[in-house]
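One structure is given here, and the rest of the page talks about it.
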Amino acid sequence: MFEIIKIKDNISVPQQFLNLNKEERVLNTLQDFYEDKIMPDIGVVISIIKVNSIEGGYINIDDPKIHYTTSFDALIFIPKLHQIIEGYVVDIVDFGVFIRFGPIDALCHISQVVDGYINIDKKAKIISIKNTKKRLKIGDLVRCRIIGVSLNKKEINKIIVTMRQKGLGCIEWIESDKKEKAKGKK
């Protein structure tokens, strides 16, 4: 789920941004620090939308950075249990499939890819479903349901998904199944 939230923070502007005006300095620092990062207990920061206020602008004797207190609006993505997401397959390994949606990756354990038996071609990184012509490869668009979320402060962030339920899986498979079903009704 996407949300816009207000955040207030004390920031330290690094030297590379000192040649910019105050507003650009602060915005660039916020973008560097927050965007495409997982913030524990908040979610994934997609974009800094607007800087609302900038206060301060002091330098400590032992730190050459300029320090500001700022409040800003950020667009965030909060992965929620049971949420349906779409993403692209970015890797296939022995134990499952990694799917990228937005700035983060999720894991679909091999047991959650499909109902049925599969073969994994480790060299080609392709999963073939036995008794069908269905294959899953890197770059395929898939639809998944989030079944596990762990965003914490220890940098071990996990999003676990399934593709085994009806209406989920490789988009090509879903479209193909719809066409087959429509043919059978005629």
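Pairs meeting the criteria (first residue in the range 5-24 and under 15 Å from GLY56 (Cβ atoms), second residue of a type in the set (A, V, I, L, M, F, W, C), beta carbons under 6 Å, at least 6 apart or on different chains) are VAL13/ILE66. Being out of contact with any strand residue (DSSP E or B) (no Cβ under 9 Å at 6 or more places or on another chain), within 30 Å of LEU81 (Cα to Cα), modelled with pLDDT under 90 and not basic (Lys, Arg) is a property that ASP41 has. For the range 102-140, the set of residues classified as of a type in the set (Asp, Glu) and surrounded by fewer than 19 Cβ atoms within 10 Å (Cβ to Cβ) consists of ASP105, ASP115, ASP121, listed by residue number.
Screening LEU107 with (1) in the same structural domain as ILE138 (by TED's automatic domain parsing); (2) touching a residue at least 12 places away in the same chain (Cβ under 8 Å); (3) outside any strand (DSSP E or B) gives one miss only, at (3).
Inside the range 27-57, residues that are of a type in the set (Lys, Arg) and in contact with a Phe, Trp or Tyr (Cβ under 9 Å, 6 or more places away or on another chain) make up a count of 1. Filtering ARG135, ARG145 for residues that are basic (Lys, Arg), closer than 17 Å to ILE174 by Cβ and modelled with pLDDT of 95 or more leaves a single hit, ARG145.
Results for (1) over 30 Å from ASN21 (Cβ atoms); (2) surrounded by fewer than 16 Cβ atoms within 10 Å (Cβ to Cβ), shown as yes or no for each residue.
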{"residue": "LYS50", "(1), (2)": "no, yes"}
{"residue": "GLY56", "(1), (2)": "no, yes"}
{"residue": "ASN60", "(1), (2)": "no, yes"}
{"residue": "THR69", "(1), (2)": "no, yes"}
{"residue": "HIS82", "(1), (2)": "yes, yes"}
{"residue": "GLU86", "(1), (2)": "yes, yes"}
{"residue": "VAL89", "(1), (2)": "yes, no"}
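Of the strands (runs of 3 or more DSSP E) that lie entirely inside the range 18-99, those containing 2 or more residues that are over 12 Å from the mean Cα position of the chain (by Cα) span 43-60, 63-77, 84-93.
The values are calculated or read from the model by the stated rules, or taken from the named source; none is laboratory data. Keep in mind that what you see is a predicted model, and the values were worked out from it rather than measured. So basically every Cβ, Gly included, is an ideal-geometry build from the backbone, and we count neighbours across all protein chains shown.
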